[in-house]
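Let me begin by presenting the structure, written as structure tokens, before commenting on it.
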């Protein structure tokens, strides 16, 4: 790892069920164009409501990946 | 949305099972007196312990709603 | 409670399944040497990835306990 | 002023033209139910876009007023 | 406590004598309309001066109370 | 919106006239390569001076857009 | 620039019309005694109200200047 | 002092009378097992209420001491 | 007040007795060279210890005064 | 400079020898694909250990560059 | 790593020569009683002066280690 | 020390070689007009680049000194 350089980007994913699932939505999308994702950090946890109920969770993650 | 004014308040809900459920407890209580809740943001996630186990999760949310 | 003094320490636990479970991993380990844990606060929620999937959640908690 | 107690609330106003105007929108709405507003502080300045242009500015203010 | 929902509000109180007394001024005013106040947190400690002396301390507290 | 994933990037724009105009400069540049910008947040407001006058305002915005 | 040392000070200016104008008020005052001002950063944007209207904007800037 | 290494820990003390007294409660408890305490910093000032009055102040301090 | 420009500086005062007294020590010193001090804000509350007791409180304040 | 728009990205570089060298590792990698880098800011300084010694320093920088 | 629990503590080390050396002083002291140190994060970089020169650098690190 | 009052100011120094050297540049300049400097704290570490290399490090320090 000492020779690696990491880049981090910020994505926001959503889910109707849980915080973890909203994170996975963001990571899955990132994985379509990024290889070698190594870590993520949750930087914001929000949600949107309809009819006074949680419509979906919306979680922002900073994702770190190896730049080759 | 450009013509709306939002107010935000801070509530803390609890749950014996999960962070998401503690959020819903706070939102359900808010919904008894507030209409048109639009979004929330998790601002603090804590928990209380009894006999060295999690007794309940306690999550504070900032809730935004339309003022009419 | 007014006569108690609390100490707080910071531990990081992991889980392959959820944020709540990573917290419990940290609390279970703390409970092996600490009695009278009273509260915790989530201070950082991260995760590590392998093959572009979440390998495990890693959550840091500040734990408060009574010093006797 | 030393005998006054102030309460502060958080409102978000919008405007198609400027940050200052979005603040005024929030303050005007607050003034319908609150008397004796004394100060405000801008706590967040955001905007929403349509067709890659600013559709409206959205500014959150903390408003302090005298409670009698 | 696990079944309670708490709301928190922000008030600013003043005192010519001490930080603690300014907090009590805010809490006393809050107690006129709020029942079941449970905790507070000092979020800002300021003061105003006249003739280069402290005229009064001005302390902002976030107050948490049970919503029934 | 629940099915969307957003990415956010950070740009800094300048203007000789106003904070709002510096934001628009950054957004206009972003719009040359990014479609579907949805929101922005002002994260820093600075300025540079020449001959003790404001030469230009320099505003940093975090811009969120839909990744398809 | 690599040989320069900068000092930064904090001033608060006011204006009845706009945030930008309040900044200029602070910079103009600073310019009476400081030469070679190079940059500024907005650190707080507040306002004071009378009769439930904005009486004046009050903006605090950190100003950097070359010390010779 | 240049040859010393300091460790810092976090304790929370309580008092029915004042912020200073709550700090001393935490320091007194720390002094039972730690020698050579050198400094402390107040990191949080809270209080708990009963019957709408301050029941006790609760202050968290970070305490630095020489490790030998 | 709308026509005033304020400057703020940061001083640290000490006291063997209380937080309030340490603030006054800083303000008294500032008053020897500054006229028209208007407000202060407590930005850090620390203390130094000798023989495991509080030797003195050390409080840092940001002081605002009118520049004429 | 008033006509330029800057983009900033976040990279993490490593070094076995020093903080400055870890920064240069990140900047060198960035320079392979980015032209016109103008400034950087150190946002996090960490390190990893093996056999209780520093194995390598790991420094995260935000890098600003001109977008043309 | 997914099965490990980490504890983090905060130490401050000093050096007359460099920031990196002050960090190593803290880590060396920690290594006398802690095994399996894994990472550290620089949380504060200060220095003390004598005769208007740097007498020594003083760096605070948060150190994470595996609890077994 | 309990009888001293400290003032703190903010300076930014540069160096082509290291962070420590940029700090010394700021302290040396401060020492031309200030006596009795006691401590400093690094508050920002930046750098400027030319031809995609570090042209110079630019470090901002808060410097505390005794006011007599």
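Derivation of every value follows stated rules applied to the coordinates shown; laboratory data play no part. What you are looking at is a predicted structure, and each value in this text was computed from that prediction instead of being measured. Don't worry about glycine lacking a Cβ; one is built from the backbone with ideal geometry, like all the others, and counts go over all protein chains shown.
Could the peptides H:8-16, A:46-54 be put in order, highest first, of the mean number of other beta-carbon atoms found within 10 Å of their residues?
My ranking of the peptides, most packed first, is H:8-16, A:46-54.
So for chain B, averaging the separation of alpha carbon pairs under 8 Å that are six or more residues apart and normalising by length, what relative contact order in percent results?
With pairs under 8 Å counted, the relative contact order is 45 percent.
Considering every residue in J:27-40, what mean count of other chain Cβ atoms within 10 Å of its Cβ is obtained?
For this peptide, the per-residue mean of nearby foreign Cβ atoms is 4.
Residues of B:47-59, mean number of Cβ from any other protein chain within 10 Å of their own Cβ, rounded to a whole number?
6
In peptide J:12-23, what is the residue-averaged number of other protein chain Cβ atoms found within 10 Å of each Cβ?
So the per-residue partner count for this stretch is 5.
Sort G:21-32, I:34-45 by the packing proxy (mean of other Cβ within 10 Å over each peptide's residues), most packed first.
Averaged packing, sorted descending, gives the order G:21-32, I:34-45.
I need the shape label for the protein assembly as shown. Rule: rounded when a/c is under 1.5, else prolate if a/b > b/c, else oblate, with a, b, c from the alpha carbon gyration tensor.
rounded
If I model a spin label at residue L:33 and residue E:51 as a point 7 Å from the Cα along the Cα→Cβ vector, what separation in nanometres do I get?
Spacing of the two 7 Å Cα→Cβ label points: 3.4 nm.
Could you tell me how far the Cα centroid of the range D:31-68 sits from the Cα centroid of the range G:12-38, in Å?
First find each Cα centre; the distance between them is then 24 Å.
Can you give me the angle between helix F:19-30 and the longest principal axis of chain F, using Cα atoms only, in degrees from 0 to 90, rounded to the nearest 10?
For F:19-30 against chain F, the angle is about 50 degrees.
Please list, short to long, the whole-number percent of alpha-carbon pairs of chain L in consecutive 5 angstrom bins beginning at zero.
Percent of Cα pairs in each bin: 4, 18, 25, 19, 14, 9, 5, 3, 1, 1, 0.
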